[in-house]
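The values are calculated or read from the model by the stated rules, or taken from the named source; none is laboratory data. The model shown is predicted, which means the values in this text are computed figures rather than measured ones. Glycine also receives a Cβ, built like all others from the backbone with ideal geometry; neighbour counts cover every protein chain displayed. Accessible surface areas use protein heavy atoms only, side chains included; no ligands, DNA or RNA. Shrake-Rupley method; radii C 1.70, N 1.55, O 1.52, S 1.80 Å.
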Amino acid sequence: MACALGARLARYGRAAVTLAGTWTAALEAIASRGIVVDEPGGVWSATVSVAPLAGPLGAADVVLVLVKSPRTTDVAHAAARSLLPGSLVVTLQTGLGNRELLEEACGPEQVAVGVASLTATLLGPGDVRVAPGRIILGGPAPGVARFAELMAASRLDAEVSVGIERVLWARLAVTCALNLSALTGRTHGTLLETPEPCETLLKAAREVGALAQVKGIDLGGDPAILAVEAAESAAATRSGMSHDLERGARTEVDAQNGAVVLEGRRFDVPTPVNEYLWQRIREKERSSAG
């Protein structure tokens, strides 16, 4: 996702973009020949700067956080070192706790949140395939509207929503439900074909919806329907968490299903299906890492 957005911001938005990370091969490839983007309109490239996450990093008007949740703490401290008084930190991560970690490190007045529905598939170091989708931003931080305008100038479908909490929790409900794909290894579409996995998917989404409701966030409809629609629209694919497990990487299950379980305990909302998914995926994670 960093390659997909960074390339567009640099090429079309005329922004001075620096990608900071820890994957040496990607940093070297991007420094050598830029980011290569493969999308429905063709293949193109964009030149950006690169830097190791450990720094030194220069000052930034906007810090866009796109890492997996287990790395948020490290990135939060790096982001804080790059901030100017009017800088904006934007997280497009899915899960609970990321925003709070960034606010603690950078200050709540400088942090904005968002959801991205475009998809980016890494083909190799600095080489990405992108399918279009929307980016919805929100939060009280000054500069959110200005950043949305930059994204629009970068030919990204971006908007600012006053109901961002509803958007975030709807996305969380869908993600927690579709994480069943990571546990079973099945594609999203096949989860809907037999009763038991389909029922598990529906219940997981509704548990998140019930928790949101208790917290005063109305999703505006049945989150299970949203999960089914998402599974149908990406029927031939599996969750990103499936790929994490295959390569022995840490997943985001703690910040997603796990965080829902812990928040449910705080608000006395039962979340047995999310707890089942959390524990079983954690077991599979430990097994694949070993």
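In table form, for the structure just shown:
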quantity	calculated
Top-ranked residue of region 243-266 - restricted to ones that are among the β-branched types (Val, Ile, Thr) and outside any helix (DSSP H, G or I), ranked as farthest from Gly95 (Cα to Cα)	Thr251
Any pair with Cβ under 6 angstrom, 6 or more apart, that starts in region 275-290 at a residue that is open to solvent by 60 Å² or more (accessible area, probe 1.4 Å) and ends at one that is assigned to a helix (DSSP H, G or I)	Glu275/Val261; Arg280/Leu183; Lys284/Leu245
Verdict on Thr237 being within 25 Å of Thr119 (Cα to Cα), in contact with an Asp or Glu (Cβ under 6 Å, 6 or more places away or on another chain) and either of a type in the set (Ser, Thr, Tyr) or outside any helix (DSSP H, G or I) (or both)	no
Restricting region 182-233 to residues that are in contact with a Pro (Cβ under 9 Å, 6 or more places away or on another chain) and among the hydroxyl-bearing types (Ser, Thr, Tyr), the residue that is farthest from Ser161 (Cα to Cα)	Thr184
Among residues of region 208-218, those that are open to solvent by 20 Å² or more (accessible area, probe 1.4 Å) and either β-branched (Val, Ile, Thr) or under 13 Å from Pro272 (Cα atoms) (or both), counted	3
Only one of Gly221, Gly264 that is of a type outside the set (Asp, Glu), open to solvent by less than 70 Å² (accessible area, probe 1.4 Å) and without any contact (Cβ under 8 Å) to a residue 24 or more places away in the chain	Gly221
Given (1) farther than 20 Å from Phe267 by Cα; (2) touching a helix residue (DSSP H, G or I) at 6+ places or on another chain (Cβ under 7 Å), number of the condition Gly221 does not satisfy	(2)
Failed item, numbered, when Gly240 is tested on (1) at pLDDT 95 or above; (2) under 28 Å from Val144 (Cα atoms); (3) surrounded by 17 or more Cβ atoms within 10 Å (Cβ to Cβ)	(1)
Strands (runs of 3 or more DSSP E) completely within region 1-95 that count 2 or more residues being open to solvent by less than 30 Å² (accessible area, probe 1.4 Å)	18-21, 35-39, 42-46, 60-65, 83-91
Looking only at region 132-184, and only at residues there that are charged (D, E, K, R) and assigned to a helix (DSSP H, G or I), the one that is nearest to Ile281 (Cα to Cα)	Arg171
Selection count where residues are within 17 Å of the chain's Cα centre (by Cα) and under 30 Å from Asp61 (Cα atoms), scope region 162-174	9
Exclusive hit being of a type in the set (Val, Ile, Thr), open to solvent by 50 Å² or more (accessible area, probe 1.4 Å), over 21 Å from the mean Cα position of the chain (by Cα) and over 22 Å from Asp254 (Cα atoms), set Thr190, Thr184, Thr194	Thr194
Residue that is of a type outside the set (D, E, K, R) and farther than 29 Å from Cys176 by Cα, where the choices are Ala20, Ala76, Ala10, Ala4	Ala10
